[in-house]
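For reference, the structure discussed in these notes is given below.
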Amino acid sequence: MKRLKLITALLLVLTAALLCLADEPVPEPDVDRTSLLIRAAVAQTKTRVTYDGSYRRIPYPGGDVPAHIGVCTDVIIRAYRAVGVDLQERVHLDMKAAFDAYPPNWGLSRPDPNIDHRRVPNLQTYFRRRGAQLAVSDIAEDYQPGDMVTWRLPGNLPHIGLVTDQPSPDGRRRLIVHNIGRGPELEDVLFAYPITGHYRYHEW
């Protein structure tokens, strides 16, 4: 009898607790940062940007080249910075911690926060080291909104762009924001060049 009364009392307490929780307001969902990332990338297509990858000294952290110039990597850097992610700082800190893990393509002896994050091979290395690398495929559905894709352009030039949520005219692929030399553009170029990398970086 005593055990039955104890169980009954516990059930009453549990029921009361559940009723209290039901009365509490449901917390608002987190802001969809992927949507904001895409929006920030697409917004760049509305501005006039001259393609210019020349070396410039910029502040650190939070530095950027003048808004009227940029290259393909700047599309990515500016989009992520709009959602609170400073790739200049993150790449620089990772290169300081593991400089030998990064490509030696430019003959540097130490990290340089003025330029390192603006180079496609360095971004590829950083995203891979952060576990953001995904498989490369020829299936359009594998490339989700907010993903990044790298290509090898004619002349063996590396290139990078961001996958949007907007469909191609035939509805079979998603459009890409990239800067291939004419300023940021929204284009159907997912499979226009050989793909060398696929990344989904959500470390907000």
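What length, rounded to one decimal in nm, is gained on full extension from W204 through to L134, with 0.36 nm per residue of separation minus their alpha-carbon distance? All intermediate terms of the calculation are to be shown ahead of the outcome.
Values: separation 70, 0.36 × 70 = 25.20 nm, distance 1.81 nm.
Length gained between W204 and L134: 23.4 nm.
Using 7 Å Cα-to-Cβ label points, what is the A82/R110 separation (nm, one decimal)?
Inter-label distance under the simple model: 3.5 nm.
So what is the relative contact order for the stretch 26-136, in percent, with contacts set as C-alpha pairs under 8 Å and at least six apart? Mind dumping the intermediate values first?
Working: 100 pairs, mean separation 28.0, N = 111.
Rounded, it is 25 percent for the stretch 26-136.
Order these peptides, 94-106, 61-73, by their mean beta-carbon neighbour count within 10 angstrom, highest first. Mind showing how you got there, number by number?
Working: 94-106: 13.4, 61-73: 17.0.
Answer by packing, highest mean first, reads 61-73, 94-106.
Above 24 angstrom, tally the Cα pairs of the stretch 93-196 and express them as a % of all pairs, no decimals.
On the way: 1567 of 5356 pairs.
Looking at the stretch 93-196, the distances longer than 24 Å represent 29 percent of pairs.
What does the charge count around G171 come to, taking other residues whose C-beta lies under 15 Å from its C-beta (Lys +1, Arg +1, Asp -1, Glu -1)? Before the final figure, lay out each step's value.
Numbers: positive: R172, R173, R174; negative: E141, D165, D170, D188.
For residues surrounding G171, the net value is -1.
Can you give the local net charge around D147? Use residues other than it whose beta-carbon is closer than 10 angstrom to its beta-carbon, Lys and Arg +1, Asp and Glu -1. Could you put the intermediate results ahead of the total?
On the way: positive: R174, R200; negative: D142.
Around D147, the charge tally is +1.
Taken together, the values in this text are just the output of simple stated rules run on the coordinates, not laboratory data. No experiment lies behind these values; they were computed from the predicted model shown. Because the Cβ atoms are built from the backbone with ideal geometry, glycine has one as well, and the counts that use them run over all protein chains shown.
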